[in-house]
Amino acid sequence: MIPYGRQNVNQEDIDSVIEVLESDYLTQGKMVNTFEDAICKKVSAKYAVAVNSATSALHLACKALELGPGDLAWTSAISFVASANCALYCGADIDFIDIERETVNISVSELEQKLQRCLDQSLPLPKVLIVVHMAGHSADMKGIKQLSEQYGFRIIEDASHAIGSRYLNESVGSCQFSDAAIFSFHPVKIITTGEGGVLTTNCETIANTAKLLRSHGITRDNHDRNEGWYYEQLQLGFNYRLTDIQAALGFSQLKRLDEFVKKRQEKASYYIEQLSKLDLLLPNVNQLQSASWHLFIIQLKRHDRHSIFDCLRKKGIGVNVHYIPIYLQPYYRDKGFSSGYCPNAENYYSSALSLPLYPDLTKENQKYIIDVLKEVLQ
Ligand SMILES: *Cc1c(COP(=O)(O)O)cnc(C)c1O
């Protein structure tokens, strides 16, 4: 089976992990700092806080923005469940914004209408909006930032798909239009640490809170005390630390980010060129040069997705579907959400198909995928 995504780990990556394994510190050594500094430099953010998953980073971002019981967060109807769960971890409520079919990102006009409707009807407005850059294509951050100033909410970018993506000549993660951004280093994402994630921000308070909560809420920086063993717990934190083993892999992978993104862009471009005559909605070509292309998602127009999916899987092509609208999950239905809530998201979901895309996808395999797709769609 040709998978839909796959990591690329080379000898240099392996050597850098071995170096840590042979050193004194497997965790809480120097490598996490080194990795964080490299992330800051790469995406032009002031601070980076590396953690054991993007899910943890989302949780810490919500905590740092003081999202809590009685508060409301909004996110995109189409994302991985973690984009919504993070608000619930904090005791806040969550609601969903419909997407734009062309970009599969939050629709800014839907967002604006919903904000105005809530204001008019004296319904609660969100404290935090969690924006998702679907497949690595940046959402309309400028438009969203403008609304955040008008309606008074904070912005977290769930950039799990988007390390290496650019928006208006800045790297995603520079937080030009947000309070914080988070990246995932799960093996199907652009670069990997096995499991891992990072939060970037330009706000010192957010960075310090995230650092504190990442390690139990414990600090050793009380300069009024001179006992060598002394530490104090200031808040109820977690153990969300990334190990030095993982950070070493991440640091090595980060050096290869540009190469990975370039290869993904080339393959995305080839798909677009080869599939343009089929009866499909292809991804937005305006982002060919700026997106990291975590996923290559096509939307079928008149074919039945289920049967095309089965057909391709039978031919050894590991297509996938990203994502089931979050609010249609049984857990969220139990909270009162039901079908019909976000029509664009549901129409998108019934037609979407992610084709294999990763740096090592061979031309031969890509040609095979294209040929099979042409055959089944004609
Ligand atoms: C992968 C992903 C996450 C979660 O990342 P982990 O590192 O596995 O916790 C969150 N949001 C989106 C959009 C993702 O794709």
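Taken together, the values in this text are just the output of simple stated rules run on the coordinates, not laboratory data. Just so we're clear, the structure is a prediction, and the values are computed from it rather than from any experiment. Backbone-built Cβ (ideal geometry, glycine too); neighbour counts: all protein chains shown.
Quick grid of which residues meet (1) over 22 Å from residue 351 (Cα atoms); (2) within 19 Å of the chain's Cα centre (by Cα); (3) not hydrophobic (A, V, I, L, M, F, W, C):
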position: 88; (1), (2), (3): yes, yes, no
position: 97; (1), (2), (3): no, yes, no
position: 105; (1), (2), (3): no, yes, yes
position: 110; (1), (2), (3): no, no, yes
position: 133; (1), (2), (3): no, yes, yes
position: 146; (1), (2), (3): yes, no, yes
position: 153; (1), (2), (3): yes, no, no
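Against the test of being in contact with a Leu (Cβ under 6 Å, 6 or more places away or on another chain) and of a type in the set (Gly, Ala, Ser), the options 173, 164, 197 yield a single qualifying residue, 164.
Which residue out of 162, 210 is surrounded by 18 or more Cβ atoms within 10 Å (Cβ to Cβ) and part of a helix (DSSP H, G or I)? After applying the criteria, what remains is 210. For the range 265-288, the tally of residues that are within 21 Å of residue 160 (Cβ to Cβ) and of a type in the set (S, T, N, Q) stands at 3.
Note on the range 178-216: residues that are in contact with a Phe, Trp or Tyr (Cβ under 8 Å, 6 or more places away or on another chain) and away from the ligand (no atom under 15 Å from the Cβ) total 9.
Just one residue in the set 258, 310 is more than 18 Å from residue 103 (Cα to Cα), in contact (Cβ under 8 Å) with a residue 60 or more places away in the chain and not in a loop (DSSP other than H, G, I, E, B); that residue is 258.
Annotation for the range 359-368: at least one member residue is part of a loop (DSSP other than H, G, I, E, B) and either surrounded by 16 or more Cβ atoms within 10 Å (Cβ to Cβ) or under 20 Å from the mean Cα position of the chain (by Cα) (or both).
Scanning the range 80-123 for residues that are part of a loop (DSSP other than H, G, I, E, B) and among the hydrophobic types (A, V, I, L, M, F, W, C) gives 80, 81, 90, 92, 104, 123.
Where the second residue is among the acidic types (Asp, Glu) and the first is closer than 17 Å to residue 322 by Cβ and lies in the range 1-16, which pairs have Cβ atoms under 7 Å and are six or more apart or on separate chains? Close Cβ pairs satisfying both conditions: 6/360.
If you go through the range 1-33 one residue at a time, how many are outside any loop (DSSP other than H, G, I, E, B) and over 19 Å from residue 164 (Cβ atoms)? The total comes to 13.
Taken over the range 43-66, the residue count meeting the criterion of being in a helix (DSSP H, G or I) and surrounded by fewer than 20 Cβ atoms within 10 Å (Cβ to Cβ) is 0.
Yes or no: the range 71-87 includes at least one residue that is surrounded by fewer than 18 Cβ atoms within 10 Å (Cβ to Cβ) and away from the ligand (no atom under 13 Å from the Cβ). Within the range 71-87, none of the residues are surrounded by fewer than 18 Cβ atoms within 10 Å (Cβ to Cβ) and away from the ligand (no atom under 13 Å from the Cβ). Among the residues of the range 111-161, those that are on the phi > 0 side of the Ramachandran plot and in contact (Cβ under 8 Å) with a residue 12 or more places away in the chain comprise 135, 136, 152.
Number of residues in the range 165-174 that are small (Gly, Ala, Ser) and buried (at least 24 other Cβ atoms within 10 Å of the Cβ): the value is 2.
Within the range 232-246, being small (Gly, Ala, Ser) and surrounded by 21 or more Cβ atoms within 10 Å (Cβ to Cβ) holds for no residue.
Of the residues 44, 53, the single one that is within 16 Å of the ligand (Cβ to nearest atom) and of a type in the set (Ser, Thr, Tyr) is 53. One residue alone among 23, 53 is within 23 Å of the chain's Cα centre (by Cα), more than 30 Å from residue 368 (Cα to Cα) and touching a residue at least 40 places away in the same chain (Cβ under 8 Å), and that residue is 53.
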